[in-house]
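Enquirer: Attaching a single structure in C-alpha coordinates format; questions to follow.
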Amino acid sequence: MSRTLVLLRHGKSAYPSGVADHDRPLAPRGDRQAALAGQWIRDEGLAVDAVLCSTARRTRETLTRTGITAPTRFVDDLYDASASEILETIRIYAPEDAGTLLVVGHVPGMPSTALALDPAGEVAEFPTSAYAVLSIGVPWPEIGLTTDGDARLIGVRIPR
(Lines give C-alpha, C1' and ligand atoms only; values in the text may rest on other atoms or scores of the structure.)
Protein backbone atom coordinates (compact mmCIF):
# COMPACT_ATOMS: atom_id res chain seq x y z
CA MET A 1 0.00 0.00 0.00
CA SER A 2 1.40 3.36 -1.02
CA ARG A 3 1.06 6.07 1.59
CA THR A 4 1.27 9.86 1.51
CA LEU A 5 2.87 11.97 4.19
CA VAL A 6 2.13 15.70 4.41
CA LEU A 7 4.45 17.71 6.66
CA LEU A 8 2.89 21.11 7.43
CA ARG A 9 4.63 23.96 9.21
CA HIS A 10 2.33 26.11 11.35
CA GLY A 11 1.11 29.47 10.09
CA LYS A 12 2.77 32.78 10.95
CA SER A 13 2.56 33.28 14.68
CA ALA A 14 2.12 36.38 16.78
CA TYR A 15 4.58 37.41 19.48
CA PRO A 16 2.47 38.79 22.33
CA SER A 17 4.48 40.15 25.24
CA GLY A 18 4.77 37.80 28.19
CA VAL A 19 3.46 34.75 26.32
CA ALA A 20 5.60 31.61 26.38
CA ASP A 21 6.70 30.21 23.01
CA HIS A 22 4.46 27.13 23.35
CA ASP A 23 1.42 29.37 23.87
CA ARG A 24 1.90 31.85 21.01
CA PRO A 25 -1.21 32.21 18.80
CA LEU A 26 -1.39 32.66 15.07
CA ALA A 27 -1.11 36.15 13.66
CA PRO A 28 -3.85 37.29 11.24
CA ARG A 29 -1.49 36.44 8.35
CA GLY A 30 -1.09 32.95 9.84
CA ASP A 31 -4.86 32.50 9.88
CA ARG A 32 -5.00 33.30 6.16
CA GLN A 33 -1.96 31.12 5.33
CA ALA A 34 -3.32 28.10 7.19
CA ALA A 35 -6.72 28.37 5.50
CA LEU A 36 -5.01 28.57 2.12
CA ALA A 37 -2.79 25.58 2.94
CA GLY A 38 -5.89 23.56 3.80
CA GLN A 39 -7.54 24.57 0.54
CA TRP A 40 -4.43 23.65 -1.45
CA ILE A 41 -4.20 20.27 0.29
CA ARG A 42 -7.82 19.56 -0.67
CA ASP A 43 -7.28 20.89 -4.21
CA GLU A 44 -4.39 18.43 -4.63
CA GLY A 45 -6.78 15.60 -3.77
CA LEU A 46 -4.95 14.74 -0.57
CA ALA A 47 -7.72 13.18 1.49
CA VAL A 48 -6.18 13.23 4.96
CA ASP A 49 -7.06 10.13 6.98
CA ALA A 50 -5.26 11.02 10.21
CA VAL A 51 -3.38 13.92 11.81
CA LEU A 52 -0.52 14.12 14.28
CA CYS A 53 -0.20 17.67 15.65
CA SER A 54 2.17 19.42 18.03
CA THR A 55 0.50 20.65 21.22
CA ALA A 56 1.71 24.22 20.66
CA ARG A 57 -1.14 26.71 20.35
CA ARG A 58 -0.05 27.92 16.89
CA THR A 59 -0.02 24.38 15.45
CA ARG A 60 -3.43 23.58 16.92
CA GLU A 61 -4.81 26.84 15.49
CA THR A 62 -3.18 26.09 12.13
CA LEU A 63 -4.91 22.72 11.99
CA THR A 64 -8.25 24.31 12.84
CA ARG A 65 -7.84 26.96 10.14
CA THR A 66 -7.02 24.34 7.48
CA GLY A 67 -10.51 22.92 7.87
CA ILE A 68 -9.09 19.38 7.94
CA THR A 69 -11.22 17.33 10.30
CA ALA A 70 -9.55 13.92 10.18
CA PRO A 71 -9.04 12.08 13.48
CA THR A 72 -6.26 13.90 15.32
CA ARG A 73 -3.76 13.04 18.00
CA PHE A 74 -1.99 15.93 19.74
CA VAL A 75 1.54 14.88 20.65
CA ASP A 76 3.83 16.82 23.01
CA ASP A 77 6.90 15.21 21.40
CA LEU A 78 6.25 17.07 18.12
CA TYR A 79 6.94 20.44 19.77
CA ASP A 80 10.49 21.51 18.84
CA ALA A 81 11.17 17.98 17.53
CA SER A 82 14.05 16.83 15.36
CA ALA A 83 13.56 14.69 12.25
CA SER A 84 14.38 11.51 14.19
CA GLU A 85 11.85 12.43 16.90
CA ILE A 86 9.18 13.18 14.30
CA LEU A 87 9.79 9.87 12.53
CA GLU A 88 9.62 8.01 15.86
CA THR A 89 6.33 9.77 16.65
CA ILE A 90 4.92 8.69 13.27
CA ARG A 91 6.06 5.09 13.84
CA ILE A 92 4.34 5.03 17.24
CA TYR A 93 1.14 6.99 16.63
CA ALA A 94 0.18 6.86 12.94
CA PRO A 95 -2.82 4.61 12.38
CA GLU A 96 -1.64 1.69 10.25
CA ASP A 97 -4.63 2.00 7.91
CA ALA A 98 -4.09 5.73 7.21
CA GLY A 99 -3.36 6.25 3.54
CA THR A 100 -2.59 9.95 3.98
CA LEU A 101 -1.09 11.27 7.21
CA LEU A 102 -0.77 14.97 8.02
CA VAL A 103 1.84 16.05 10.57
CA VAL A 104 1.60 19.64 11.83
CA GLY A 105 4.74 20.98 13.44
CA HIS A 106 7.62 23.41 13.40
CA VAL A 107 10.97 24.21 11.78
CA PRO A 108 13.52 22.84 11.56
CA GLY A 109 11.65 19.55 12.13
CA MET A 110 9.28 19.60 9.16
CA PRO A 111 11.84 20.29 6.38
CA SER A 112 14.53 18.16 8.01
CA THR A 113 12.11 15.21 8.16
CA ALA A 114 11.38 15.58 4.43
CA LEU A 115 15.12 15.56 3.71
CA ALA A 116 15.77 12.65 6.08
CA LEU A 117 13.23 10.59 4.15
CA ASP A 118 14.42 11.68 0.69
CA PRO A 119 17.96 13.08 0.83
CA ALA A 120 17.86 13.75 -2.91
CA GLY A 121 14.74 15.91 -2.54
CA GLU A 122 14.96 19.67 -2.78
CA VAL A 123 13.69 21.76 0.12
CA ALA A 124 15.10 25.21 -0.61
CA GLU A 125 12.82 27.08 1.77
CA PHE A 126 10.09 26.19 4.23
CA PRO A 127 8.31 29.35 5.41
CA THR A 128 5.23 29.43 7.60
CA SER A 129 2.33 27.27 6.32
CA ALA A 130 4.57 25.53 3.79
CA TYR A 131 4.02 21.83 3.42
CA ALA A 132 5.95 18.95 1.92
CA VAL A 133 4.22 16.02 0.25
CA LEU A 134 6.02 12.67 0.23
CA SER A 135 5.14 9.30 -1.24
CA ILE A 136 5.91 6.59 1.32
CA GLY A 137 6.48 2.99 0.27
CA VAL A 138 6.57 1.29 3.68
CA PRO A 139 4.07 0.84 6.53
CA TRP A 140 4.07 3.70 9.07
CA PRO A 141 5.82 1.59 11.74
CA GLU A 142 8.79 1.26 9.35
CA ILE A 143 9.08 4.87 8.16
CA GLY A 144 12.60 6.25 8.31
CA LEU A 145 14.21 3.00 9.37
CA THR A 146 15.96 2.53 6.02
CA THR A 147 17.18 4.86 3.31
CA ASP A 148 16.51 2.46 0.45
CA GLY A 149 14.22 4.74 -1.54
CA ASP A 150 11.19 4.01 0.63
CA ALA A 151 10.16 7.67 0.38
CA ARG A 152 10.08 10.22 -2.42
CA LEU A 153 9.57 13.95 -2.02
CA ILE A 154 6.83 14.95 -4.46
CA GLY A 155 7.17 18.64 -3.72
CA VAL A 156 7.03 21.54 -1.32
CA ARG A 157 4.09 23.93 -1.51
CA ILE A 158 4.15 27.49 -0.18
CA PRO A 159 0.61 28.87 0.15
CA ARG A 160 0.70 32.66 -0.32
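The values are calculated or read from the model by the stated rules, or taken from the named source; none is laboratory data. Here the structure is a predicted model, which is why all the values come from computation and not from measurement. Cβ: placed from backbone, ideal geometry, glycine included. Neighbour counts: every protein chain shown. The protein model used for the area step is the full one, side chains on, heavy atoms only, and it has no ligands, DNA or RNA in it. Shrake-Rupley method; radii C 1.70, N 1.55, O 1.52, S 1.80 Å.
Enquirer: Provide the net charge surrounding residue 79, with neighbours chosen by a C-beta distance below 12 Å and charges set as Lys +1, Arg +1, Asp -1, Glu -1.
Expert: -2
Enquirer: Percent antiparallel among DSSP beta bridges with both residues in the chain, to the nearest 5?
Expert: 50
Enquirer: Skipping prolines and chain starts, which residues have an amide H placed within reach, meaning under 5 Å, of the one on residue 50, given they are 5 or more residues away or on another chain?
Expert: Close amide H contacts, sequence-distant or interchain: 100, 102.
Enquirer: With a/c under 1.5 counting as rounded, go ahead and sort segment 74-147 into rounded, prolate or oblate using the C-alpha gyration tensor (a ≥ b ≥ c being the square roots of the eigenvalues; past the cut-off, prolate if a/b is larger than b/c, else oblate).
Expert: Because a/c hits 1.5 or more and a/b fails to exceed b/c, segment 74-147 counts as oblate.
Enquirer: If you don't mind, another one. In sequence order, what are the phi-derived ³J(HN,Hα) couplings for segment 18-26 according to the Karplus relation 6.51 cos²θ - 1.76 cosθ + 1.60 with θ = phi - 60°, rounded to whole Hz, with x for glycine and proline?
Expert: Once rounded to whole Hz, the list reads x, 9, 4, 3, 4, 9, 5, x, 6.
Enquirer: Could you compute how much accessible surface residue 72 exposes when probed at 1.4 Å, giving the result in Å² to the nearest 10?
Expert: 50
Enquirer: What whole-number value in Å² describes the accessible area per residue of segment 1-157 for a 1.4 Å probe? Can you show the working numbers first?
Expert: Numbers: 7130 Å² over 157 residues.
On a per-residue basis, segment 1-157 sits at 45 Å².
Enquirer: Post the alpha-carbon centroid distance, segment 7-41 to segment 59-118, in whole angstrom.
Expert: For segment 7-41 versus segment 59-118, the Cα centre distance is 15 Å.
Enquirer: What residues have an amide H closer than 5 Å to that of residue 13, excluding those fewer than 5 places away on the same chain, when H is modeled at 1.01 Å from N in the peptide plane?
Expert: Excluding prolines and chain starts, which carry no amide H, the hits are 27.
Enquirer: Could you look at segment 30-158 and say what percent of its accessible area is carbon and sulfur, using a 1.4 Å probe and all protein chains?
Expert: Carbon and sulfur atoms account for 48 percent of the accessible area of segment 30-158.
Enquirer: Out of every Cα pair in the chain, what percent are spaced more than 20 Å from each other?
Expert: Summing the P(r) tail past 20 Å for the chain gives 43 percent.
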